[in-house]
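Worksheet: one structure, shown below.
Derivation of every value follows stated rules applied to the coordinates shown; laboratory data play no part. The shown structure was predicted, so the numbers you read here are calculated from the model rather than taken from an experiment. Quick reminder, even Gly has a Cβ in these numbers, built from the backbone with ideal geometry, and neighbours come from all protein chains shown.
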Amino acid sequence: MTSQNDRPAPAPAESASRSAAEEAQRFRDFAEAASNWFWEMDSGLRFCWFSDSFERISGVPQSHLLGRSRRDMLALADPVTDEITSLQDWWDHIAVLEAHRPFRNFIHPRIHPDGHKVYLSISGKPIFDAAGRFAGYRGTGADITDRIEIERRLREAKEMAEVADRAKSRFLATMSHELRTPLNAIIGFAEIMDGQRFGPMGEPRYQGYARDILSSGRHLLAIINDILDLARLDAAQMELDDAWMPVEEVMDDAGRHIAPVAAAAGIRLRLVAPEAAAEVLADQRRMRQVLLNLLSNAVKFSPRGGVVTLAWRPDGPRGPALVVTDPGPGMTEDEIRQAVEPFSQIAHHRTRHHEGTGLGLSLARRLCELHGARLELESAPGEGLTASIVLPGNRVRRGNA
């Protein structure tokens, strides 16, 4: 009796045939188990095979497509078109197929028999025989309906947020204008009373009250103006009135405006004049506004007897810059990121004893960006703060032209 081990080995042809059959079955097992599907086209670009999962996912019977090309289906008005895939997109896809080029992730909308729309992502690879003749396509498909729906909801949420942001900007601009009118009257009458233009007040305390009203009114007006400026920036309604100005003039202008505030706080203001003449191209009023925001912030947080410096650094590490430094308590990186956001208040040692809206640094940053410049803040706890207005090269020139 011949044992199992003594049986002759199968002939090479039989072994190869069995191996090919096993490989084909293995491929079909994978194809039917896959969450995606596989498909083939013949040399005439007609669909000739789908894995079974295609019909389960798309709801389209294979018989609806087998033996037909994409051009045939287009003639039957079969493709679904929408804001994702237009009719032109379909014709472009057919051009790719007829040029025998590979493609990836062509989005194919379809209406499922149950009535809802599905989105299919199709990829394909052209196949050529040994002689280099085109033999058809092989490809894959996947259901991306959930992804498309998520993207659509994100777009809708973004559009709603933009509408709300525009409405907020309009509201802030309108309210700022409405508040400024009576506030200007309050400030005007307080100035008259404080200056006793129509004779002395009978009670000395009244003049002190008038002075408080005037101070509070001016503070409130500054806040309203900042809010109005932010609203204009958000609505892209602020334009610059650019002109070339000597750097030293820009620095002196800001210094004159902040000097009384610094003196009252016991802070020495130090201006480091440029060693060589230079000019900047800027809106004088807006550049002054940026510098005053930075300088007032520096004065506010500097200890009495401290020195706040405004300097011109033509060869700074990141480009020419106007730099404000203070000896205040400094900030961490997280606090710096928070400080440049509108209406932020950092609840730590730097702001504990100082009131404000948190608009100054945010507005300064936005106005710098409007000039094509950058506001860079460098600090560490206990090491003060350095604020640099880094200007682009096209807004600086050496010498006085």
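Under 16 Å of direct C-alpha separation, and excluding same-chain neighbours fewer than eight residues apart, Lys125 reaches these aspartates and glutamates: Glu40, Asp42, Glu98.
Grouping the Cα pair distances of the stretch 211-327 into 5 Å bins from zero gives a pair-distance distribution of 2, 10, 17, 20, 19, 17, 10, 4, 1, 0 percent in increasing distance order. Applying D = kT/(6 pi eta Rh) to the stretch 53-157, where Rh is the Kirkwood radius over alpha-carbon pairs, T corresponds to 10 °C and eta to 1.306 mPa s, the Stokes-Einstein value obtained is 106 µm²/s. Annotation: the stretch 262-335 has a Kirkwood hydrodynamic radius of 13.6 angstrom, from the mean reciprocal C-alpha pair distance. The residues neighbouring Glu151, those whose beta-carbon lies less than 12 Å from its own, together hold a net charge of +1 under the Lys/Arg +1, Asp/Glu -1 convention.
How charged is the neighbourhood of Ser362? Take every other residue with its Cβ under 12 Å from the Cβ of Ser362, and add Lys/Arg as +1 and Asp/Glu as -1. Once positives and negatives cancel, what remains is -2. What number comes out for the charge environment of Thr140, summing +1 per Lys or Arg and -1 per Asp or Glu over other residues with Cβ under 13 Å away? So the environment of Thr140 carries a net charge of +1.
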